[in-house]
Structure formats: structure tokens, C-alpha cells
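The values are calculated or read from the model by the stated rules, or taken from the named source; none is laboratory data. In this text the structure is predicted, and so the values were computed from the model without any measurement. Ideal geometry is used to build each Cβ from the backbone, glycine not excepted, and the neighbour counts take in all protein chains shown.
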Amino acid sequence: MHNTTDLLIQSLIFNFFIDLVPLLVVTLIAWLILSKVLKRYELRANEKLMLERENTTLLQKRVDDLNERLVGIEKLLKEVE
């Protein structure tokens, strides 16, 4: 009687782990896929951020140049008056 109970418990535990293996495999595959997708998304976001920073720097240079020209024009107008 004791041996059959032990055998039944071992069988149930074995079946539980056998049923658990596919779930673990699917979870692992899903995690790997999601991590790759997120890494790609992060790389694209970083590239986009770098381009925006470069664009901002160029626009700031243009604004500074226009400001210098405007100051020069204002000086000329004051001299003419």
C-alpha cells in the first residue's frame, strides 16, 4: 500500500513537470523575442534622439547667426538716425 502511494505521488509529480516543460519553453522563447524587439526599439529611439539633438544644434546655430545679423542691422539703423 505504501509503495503504491509513493508510486502515485511520483507519477503525479513527474506528470506535473512534464506538463510544465512546454510552458517554460514557450515562456523562454517569448521572453527572448520580446527582449530582441525591445533592444531594437531602444536602438531606434537612441538613433532618433541623436538626430534630434544634431538638428537642434544646427537650428540653434542658425538662430544665433540670424541674431548676430539682426544686431548688426539694428546698429546700422541707429547710425543712420
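Screening LEU70, LEU8 for residues that are at pLDDT below 95 and surrounded by 10 or more Cβ atoms within 10 Å (Cβ to Cβ) leaves exactly one candidate, LEU8. Among the residues making up region 18-34, those that are loosely packed, with under 10 Cβ neighbours inside 10 Å and not aliphatic (A, V, I, L, M) are ASP19, PRO22.
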